[in-house]
Amino acid sequence: MNRIDPPPPQHQRLAGTALAAPQARTEQLFQGIAVSAGVAIGPVFGTTEPEAVITRQKIQASDIGAERSRLEAAIAQSRKQLAKLRARLAVLPEESQTEIAPLIDAYIRMLGPSRLVRGVRQRIEETLLSAEAAVMSETEAIAEAIMAQAEPDLSAEDLAGLRRRADEIGEIARRLVRNLTRSPFRSFAGLPEGSILVAENLRPADAALLDPSRLAGVVTEEGGSDGHTAVMLRALGVPAVLGVAGLAHAMRPGDVAVVDGSTGTVMLNPSATMMTAAKRALTAFARERQRYARLRRLPAVTQDGVSVELQANLELPVELPLIVQSGAVGIGLLRTEFLFMNRETIPDEATQTESYRTIVEAMHGDPVTIRVLDWGGEKEIEALTLAGVVPEIADTNPALGLRGIRLLLRRPELLETQLAAILRASMAGPVRVLLPMVTTVSEVRAAREVYERVARRLRRRGDRIPEKLPPLGIMIETPGAALSADALALEADFFAIGTNDLTAYTLAVDRGESDVADLYDPMHPAVLRLIQFATEAALRMRMPVSICGEVAAAPRLTPLLLGLGVRSLSMNASAVPKVKQVIRSVGIDACVRFARRVMEQGDSEKIQAMVDGFGRTDSPAAAP
Ligand code: PEP
Ligand code: MG
């Protein structure tokens, strides 16, 4: 699709923007977190969460207490979301702050001891409405009362003021109902082709619904560089900037934006000069892609002849053609969460078998590492909640709760179905099975027991599965797993180091949280030491070890990872040629010497500087 010429501006309704006063279209620059490279130019398209569907209108008198508690929880959650948004406005220029902050303050006030909240409580108690139905009827009544003040001789300005107030009430109602119903599916059906999607927040399940061929770029107000939404957007190859405070509230219908997913900048209404520069950058990016494409058939071998396995991560089946074109030799991490997202039931064995088989077949004999379901953390999956597999109210801290293998061992029927499907699909090509979020040796043993039990059952049933079961490996993605890697290496057949979670858990930084994004540093010496420890434990056992976190996709880190002994990397498909280019330009000895010097450092900033200086002091970097 052509990302060069912006399609004509669309006059759609934008999130929150109907509330702000009209203003001339001036150029405005925003800074966020660069998460997916590429330049996009297009009209902005704002999206709020989907309109929530209210399925329960009435309640029993005995449910009044529970309904009131649901309402109070939704009010508290809404206030928290708004307070967070308010705090993040501080990074905006002063004029933008003065425009947006009062609006958010008004929302927060309405969720305090207001007529609105009193009215909703009353409707629950007196007319036995469900909390969401009470919110809707109360807010509609307030909005009607506001508009009833519109006398025929009212000035246009006063009428606009009334409309604004009514809109504000509607906006609060939408937020409350969304939080009450935990509305699962977001529709992007109305997204005009070539537009830039702007949202306050985008969940991984939402990102999975995007069609990259129709979309120029994505910008959100929240989110961090290695959260799952970011991972998903990189996988889709859509230029994206996350964590851009204030944009959704600053933009107007018809605004055009330039998004630079490499620098993290977003420019609203660029001047003619800026637009020309952006078009030039876009053409340069396309040329760079073509240059990298030429590396596809060349081997990933260092100057001194050491081979490195370069594989791709897959989050969505739409990536398959990209993976095949990238020159990746197999899939090093197939995240199976996509199969469970945006649906109301858990996929059965036949459905899963078919999906895995299609992917394995598409790789034409190259290996595919299939990771079993990693539910938890930010990867909320509605089907599991609806099926009662996981509690409706998530753990206090989902990242530390029933995540990954912990849930699968607690609900073995989920694991059994998935393992059965993987085993059946493994007749189509080489497969490995990967367990997420392992922290103890007993988890690996328990999972292996399930694995062998499933294999026996399939054989009894007459299903064809490989005589020798595919290898069963584990993710090393917590400090606990990394530090007990030597013991885990006795139980597992291979390691895949997940530096995304490893960084988050080591540094106690939420990977999808924009407020602490600057603290999320996979090059922190503590993280590097854990990578080194786990890698060496595997190498001592002559056990395969790879890195499949986002650091694998960063060419500037490749020499360091090679120097630490890593010889297998799995990454988003578009990064494969860039990493290959670095591999082909370095010698292993220089990488090992470099890694030794880096590992003596205790200061992340110095490590960053050393990493950036590698080409200058340690080895000549060749041009593609
Ligand atoms: C990781 O944690 O590094 C990883 C690869 O797994 P995910 O990003 O799916 O959590
Ligand atoms: Mg992980």
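Figures for the structure shown
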quantity: Residue in segment 334-350 that is outside any helix (DSSP H, G or I) and within 11 Å of ligand 1 (Cβ to nearest atom) present; calculated: yes
quantity: In segment 539-559, the residues that are surrounded by fewer than 24 Cβ atoms within 10 Å (Cβ to Cβ) and farther than 25 Å from Glu491 by Cβ; calculated: Ala554, Pro555, Arg556, Leu557
quantity: Helices (runs of 4 or more DSSP H) within segment 447-520 that include 2 or more residues in contact (Cβ under 8 Å) with a residue 60 or more places away in the chain; calculated: 499-507
quantity: Scope segment 558-574; condition assigned to a helix (DSSP H, G or I) and touching a residue at least 40 places away in the same chain (Cβ under 8 Å); matching residues; calculated: Pro559, Leu560, Leu562, Ala573, Ser574
quantity: Filtered residues of segment 468-477 (kept if surrounded by 13 or more Cβ atoms within 10 Å (Cβ to Cβ) and either more than 16 Å from ligand 1 (Cβ to nearest atom) or not assigned by TED's automatic domain parsing to the domain that holds Thr417 (or both)); calculated: Leu469, Pro470, Pro471, Leu472
quantity: In segment 297-321, residue nearest to Val545 (Cα to Cα) [restricted to those that are buried (at least 16 other Cβ atoms within 10 Å of the Cβ) and of a type in the set (D, E, K, R)]; calculated: Glu309
quantity: Unique match (being more than 16 Å from ligand 2 (Cβ to nearest atom), farther than 19 Å from Ile583 by Cα and touching a residue at least 40 places away in the same chain (Cβ under 8 Å)) among Leu310, Leu282, Leu314; calculated: Leu282
quantity: Residues that are within 20 Å of Glu600 (Cα to Cα) and near ligand 1 (Cβ under 9 Å from one of its atoms), drawn from segment 500-521; calculated: Thr503
quantity: Residue in segment 366-375 that is more than 16 Å from ligand 1 (Cβ to nearest atom) and within 23 Å of the chain's Cα centre (by Cα) present; calculated: no
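To keep it simple, each residue is scored yes or no on (1) farther than 18 Å from Val431 by Cα; (2) surrounded by 18 or more Cβ atoms within 10 Å (Cβ to Cβ); (3) hydrophobic (A, V, I, L, M, F, W, C); (4) under 24 Å from the mean Cα position of the chain (by Cα).
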{"position": "Pro466", "(1), (2), (3), (4)": "no, no, no, no"}
{"position": "Pro479", "(1), (2), (3), (4)": "yes, yes, no, yes"}
{"position": "Ala496", "(1), (2), (3), (4)": "no, yes, yes, yes"}
{"position": "Thr503", "(1), (2), (3), (4)": "yes, yes, no, yes"}
{"position": "Glu513", "(1), (2), (3), (4)": "yes, yes, no, yes"}
{"position": "Leu519", "(1), (2), (3), (4)": "yes, no, yes, yes"}
{"position": "His524", "(1), (2), (3), (4)": "yes, yes, no, yes"}
{"position": "Val527", "(1), (2), (3), (4)": "yes, yes, yes, yes"}
{"position": "Ile531", "(1), (2), (3), (4)": "yes, yes, yes, yes"}
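The values are calculated or read from the model by the stated rules, or taken from the named source; none is laboratory data. Keep in mind that this is a model prediction, so the values were computed, not measured. Neighbour counts are summed over all protein chains in view; Cβ atoms, including those assigned to glycine, are modelled from backbone coordinates with ideal geometry.
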